Amino acid sequence: QVQLVESGGGLVQPGGSLRLSCAASGIIFSINTVYWYRQAPGKQREFVAGITSMSITSYADSVKGRFTISRDNAKNTVYLQMNSLKPEDTAVYYCHANRRGNAYWGQGTQVTVSS
């Protein structure tokens, strides 16, 4: 049974920072690629960042240089450090991974960037 649980979202002012966490059970993050996606109101879900089993990272152009994805294998947890936040970063952020041909998603955590 696979479960992904995001946490760390909240309300922050433009220019502020947040760190999101995705804790997993039933899947080993260290041998899988893990992704962060986000979905803003009225918009499609979009790719934000990914990290492979070899710790190779990738980012959407809109967040490159501001966000950092990382992994703690001992805690089986993936993080998204979000700096220099902008109002356009406002969205529900989701953790995503695949195992044995099945896709898994967390419940999402709300990030709101507003003054």
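The values are calculated or read from the model by the stated rules, or taken from the named source; none is laboratory data. The shown structure was predicted, so the numbers you read here are calculated from the model rather than taken from an experiment. With ideal geometry, Cβ positions are generated from the backbone for all residues, glycine too; neighbour counts draw on all protein chains shown. Ligands, DNA and RNA are stripped out before the accessible areas are found, and what is left, the full protein with its side chains, is counted by its heavy atoms. Shrake-Rupley method; radii C 1.70, N 1.55, O 1.52, S 1.80 Å.
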**Prompt:** Considering region 3-31 alone, what residues qualify as being open to solvent by 30 Å² or more (accessible area, probe 1.4 Å) and in a loop (DSSP other than H, G, I, E, B)?
**Reply:** GLY8, GLY9, GLN13, PRO14, GLY15, SER17, GLY26, ILE28
**Top-ranked residue in region 69-115 [being assigned to a strand (DSSP E or B), among the hydrophobic types (A, V, I, L, M, F, W, C) and without any contact (Cβ under 8 Å) to a residue 40 or more places away in the chain; ranked as most open to solvent (accessible area, probe 1.4 Å)]** = ALA103
**Message:** Suppose we keep only residues that are among the small types (Gly, Ala, Ser) and in a loop (DSSP other than H, G, I, E, B) within region 32-55. Which one would you say is nearest to GLY8 (Cα to Cα)?
**Reply:** ALA40
**Request:** Test SER62 against the stated conditions and say whether it is out of contact with any helix residue (DSSP H, G or I) (no Cβ under 9 Å at 6 or more places or on another chain) and not aromatic (Phe, Trp, Tyr).
**Result:** no
**Request:** Restrict the check to region 56-68 and report whether at least one residue is assigned to a strand (DSSP E or B), touching a strand residue (DSSP E or B) at 6+ places or on another chain (Cβ under 8 Å) and open to solvent by less than 30 Å² (accessible area, probe 1.4 Å).
**Result:** yes
**Complete:** Within region 34-55, the residues that are surrounded by 12 or more Cβ atoms within 10 Å (Cβ to Cβ) and modelled with pLDDT under 95 are SER53
